[in-house]
1. Straight distance only, please: which aspartates and glutamates reach the Cα of residue 83 with their own Cα at less than 16 Å, same-chain residues fewer than 8 apart left out?
2. Relative to the present Cα-Cα distance, how much length would full extension add between residue 73 and residue 51 at 0.36 nm per residue of separation?
Amino acid sequence: MQKKSKQPKSTGRKVSRAAAAAKRISARSVAKNLGAARAGSKLEQIATLLRRPSGATIEQLVMATGWQSHSVRGAISGSLKKKLGLAVVSDKAQGLRIYRLAAA
């Protein structure tokens, strides 16, 4: 009795991981409206606070969402910057880091 190989058959084309990721990201950007998070979500709450002229600190974002600080920072860098394509800038004033969305 012979054992069957459980490896998938290749199509002969090799695509790098970076190229596959770029293709997925470009398909997402066409499908999604850039800069729009689902209404009423915590990500939308974060974006709303960052749209204020005064911006928001991590502590303010934590209080608004109920998330931990590392989760808020991850949402800013991952969801807002990378997935939604928003330009988030940070400044340090009086010892506090303040995040805001850059004017387009």
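Each value in this text was obtained by applying a stated rule to the coordinates, not by laboratory testing. Bear in mind the structure is a predicted one, so any value in this text is a computation, not a measurement.
1. Cross-link targets: 44.
2. Values: separation 22, 0.36 × 22 = 7.92 nm, distance 1.60 nm.
That pair, residue 73 and residue 51, stretches by 6.3 nm at full extension.
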